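What follows is a set of notes on a single structure, which appears directly below.
The values are calculated or read from the model by the stated rules, or taken from the named source; none is laboratory data. Because the structure is predicted, anything quoted here is derived from the model rather than measured. Positions of Cβ are generated from backbone atoms using ideal geometry, with glycine treated the same way; all protein chains shown enter the neighbour counts.
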Amino acid sequence: MYRLLLLSFLVLQGLALMAQENGYAREIVKTLSSEAFKGRAYVGDGNKKAAEYIKNQFQSIGLKPIEESFAQPFDLKVNTFPSNMSLKIDSLELVPGQDYIIDPYSSSLKGNYQVLQLKMKDLLNEDILKKTINTGLGKVLLVDVTKFNPKDKKEEQLAGELLNVLKYNPQVPLAAVIVYTNKKLTWSTANMQAAKPSFILNKELDLSQIKTVDIQVSARLINYTSENIVGYIEGSVQSDSFLVAMAHYDHLGLMGADTYFPGANDNASGIAMLLTLARHFQKYPPKYSMVFIATGAEEIGLLGARHFVEHPLIQLDKIKFLVNFDLAGTGDEGIKVVNGSVHQKPFNELRQINDRLHYLPSVQKRGEACNSDHCLFHQKGVPCFYIYTLGGIKAYHDIYDRNETLPLSYFDNYSQLMIDFFTQFE
Ligand SMILES: [Zn+2]
């Protein structure tokens, strides 16, 4: 009886601990993706605020800095949209983020413009293209890509390149370009500015009725000092070898004064994973030293990771293994392991743990992909994985990547799988 009681007490306590852990991850995701952090980019110092928050977490968990501080600063350049943005088609005011996104390379513009229209396939007709350029001075070109049916990949690519010429070539005298699409809007960041603005528009409209557009954009190319945040736990057996957990904390920030990109899955969830692992290994010191890197400026082109590999705080050849966490918040269909087919042995170990304990619906592998921060370590010969979760919500680089809709339903199991993986790593 007593034994039974004790058992159920332990079981209950275990469940309570799990709930608490998910509670911690939820708190991290909720905080970092909240409006106060402005999408963790460079307008209004959301990036600095996120960095301060993570340093405080490192501190309270008990991680140690490798040098005198957790921060490893680096400089960057980024194009930003700090103030009011407006796009009006005739008299219809469109909603930024929902109806349209601005091309990240865009420059400032303000005024009312006459609209020229083309279909995407017209770009392939040299006469039409020339005529558009010759008569386009001071006008806005709307390119309808919705019914474009290229006969092959080559034709599709050529049309795409010609569209880029219209958008980015400073000799094209158009005032702006609007690309009309029926595909999901996916934003990104740029570190340069083109001569004019462009927009990607997705809203049901009668294009034949459009006569003028009213545009207000204020773009500013700025210099900014961001930082990587690096802490560690000393290994209990072989402290001069390292296991590394890494995740980027930056996101896309503000598009105009009022529209922010929360980045709950990308990548507040990865930071939640990093901190959850740090909390565990602080309590149960690992065999090898464990390093935690929250990288900055991944979204501008892996800048923080690049800075780290060029100015490593630990010897890169002492890294036994590195795992980069980006998009850690779903998992209904399991996880995908980039470099899983490159590093067979650790991949098999990861999969075997999962087969034994059924943490996640699947552990899948793929080859190399230079699609997140791990890539720069991989290029330097550091053995590494980049792991992202599969299934669940499809929000990505848009205003819908929010805490409220991010499930985190597999988060506890996923973090337990990674704890087991790092603990057992030989
Ligand atoms: Zn990301």
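Of note:
For every residue, the table says whether it meets (1) surrounded by fewer than 19 Cβ atoms within 10 Å (Cβ to Cβ); (2) in a helix (DSSP H, G or I).
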site: 105; (1), (2): no, no
site: 117; (1), (2): yes, no
site: 121; (1), (2): yes, yes
site: 128; (1), (2): yes, yes
site: 134; (1), (2): yes, yes
site: 138; (1), (2): yes, no
site: 143; (1), (2): no, no
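- Residue among 185, 166, 174, 162 that alone is in contact with a strand residue (DSSP E or B) (Cβ under 7 Å, 6 or more places away or on another chain), assigned to a helix (DSSP H, G or I) and at pLDDT 95 or above: 166
- The lone exception for residue 232 - which of (1) modelled with pLDDT of 95 or more; (2) over 27 Å from the mean Cα position of the chain (by Cα) it fails: (2)
- Residue match in the range 287-307 (condition: more than 16 Å from the ligand (Cβ to nearest atom), in a loop (DSSP other than H, G, I, E, B) and not assigned by TED's automatic domain parsing to the domain that holds residue 144): yes
- So residue 316, is it out of contact with any strand residue (DSSP E or B) (no Cβ under 7 Å at 6 or more places or on another chain) and assigned by TED's automatic domain parsing to the domain that holds residue 328: yes
- Number of the exception - residue 69 against (1) among the hydroxyl-bearing types (Ser, Thr, Tyr); (2) over 30 Å from residue 227 (Cα atoms); (3) out of contact with any Gly (no Cβ under 8 Å at 6 or more places or on another chain): (2)
- Among (1) modelled with pLDDT under 95; (2) at positive phi, the one test that residue 258 misses: (2)
- Residue in the range 353-362 that is touching a helix residue (DSSP H, G or I) at 6+ places or on another chain (Cβ under 6 Å), within 16 Å of the ligand (Cβ to nearest atom) and not in a helix (DSSP H, G or I) present: no
- Residue within the range 310-324 that is within 16 Å of the ligand (Cβ to nearest atom), buried (at least 24 other Cβ atoms within 10 Å of the Cβ) and not in a strand (DSSP E or B) present: no
- Among the criteria (1) under 30 Å from residue 142 (Cβ atoms); (2) touching a Pro at 6+ places or on another chain (Cβ under 7 Å); (3) of a type in the set (S, T, N, Q), the one residue 114 does not fulfil is (2).
- Among the residues listed as 339, 348, the single one being surrounded by 16 or more Cβ atoms within 10 Å (Cβ to Cβ) and either within 16 Å of residue 388 (Cβ to Cβ) or not aliphatic (A, V, I, L, M) (or both): 339
- Residue list for the range 354-391, restricted to those being of a type outside the set (Phe, Trp, Tyr), over 23 Å from residue 241 (Cα atoms) and surrounded by 19 or more Cβ atoms within 10 Å (Cβ to Cβ): 354, 360, 363, 365, 372, 389
- Single condition residue 79 does not satisfy, out of (1) modelled with pLDDT of 95 or more; (2) more than 30 Å from residue 205 (Cα to Cα); (3) within 25 Å of the chain's Cα centre (by Cα): (2)
- Residue match in the range 189-196 (condition: outside any loop (DSSP other than H, G, I, E, B) and more than 16 Å from the ligand (Cβ to nearest atom)): no
- Pair list, Cβ under 6 Å, 6 or more apart: the range 41-67 residue outside any helix (DSSP H, G or I), other residue polar (S, T, N, Q): 41/47; 42/80; 62/282
- Residue selected from the range 231-281 under the condition free of Cβ contacts under 8 Å to residues at least 60 places away in the same chain and within 16 Å of the ligand (Cβ to nearest atom), by the criterion nearest to residue 397 (Cα to Cα): 270
- Look at (1) assigned to a loop (DSSP other than H, G, I, E, B); (2) more than 23 Å from residue 186 (Cβ to Cβ) and you find that residue 393 fails only one, number (2).
- Residue 336 being among the basic types (Lys, Arg) and within 16 Å of the ligand (Cβ to nearest atom): yes
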